[in-house]
1. Quick check on my filter: what residues within the range 46-63 are part of a loop (DSSP other than H, G, I, E, B) and under 17 Å from the mean Cα position of the chain (by Cα)?
2. Restricting to the range 87-106, name every residue that is small (Gly, Ala, Ser) and either assigned to a helix (DSSP H, G or I) or at pLDDT 90 or above (or both).
3. Return the pair list, or none, for Cβ contacts closer than 7 Å from residues in the range 51-79 that are free of Cβ contacts under 8 Å to residues at least 12 places away in the same chain to residues that are assigned to a strand (DSSP E or B), at least 6 apart or on different chains.
4. Look at Leu78 and say whether it is closer than 23 Å to Ala106 by Cβ, assigned to a strand (DSSP E or B) and in contact with a strand residue (DSSP E or B) (Cβ under 7 Å, 6 or more places away or on another chain).
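The values are calculated or read from the model by the stated rules, or taken from the named source; none is laboratory data. Keep in mind that this is a model prediction, so the values were computed, not measured. Every residue, glycine among them, receives a Cβ derived from its backbone with ideal geometry; neighbour counts consider all protein chains shown.
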Amino acid sequence: MTPCGTSCADLQTVGSGTPALGIHERELARALLVAGVRRGLVSVQRGSGGRFPQNIWSVVERDDGEGERRCIPLEAQLENADQGTYHGYPLPQSDPLHEHVVHWWALEDE
């Protein structure tokens, strides 16, 4: 699993629910945060102290089990404003930001 790149140009997403992605490696989680920040996908709202954005969005690519690669939008919420730690999760398709994050991500690939 890597941050979604130009190979996700079709911008299809997986399922109507929230898939379990199993992103537990610190290096991958950090890469996803950095990718979201570099693309400007951060909230205007800041955590207490103002050092870190309240939310960062990113997109990850994964195999859908049928041989297709899909893009899944993610949201990370600031968990500890003093340490700058985040808790992330996939955005369900029912979330209004789901399609926006995928769209904003694609704009950076153009």
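1. Once the filter is applied, which keeps residues that are part of a loop (DSSP other than H, G, I, E, B) and under 17 Å from the mean Cα position of the chain (by Cα), the range 46-63 yields Phe52, Gln54.
2. Residues satisfying the conditions are Ser94, Ala106.
3. Note: pairs meeting the criteria are Asp63/Arg69; Glu79/Thr85; Glu79/Tyr86; Glu79/His87.
4. no
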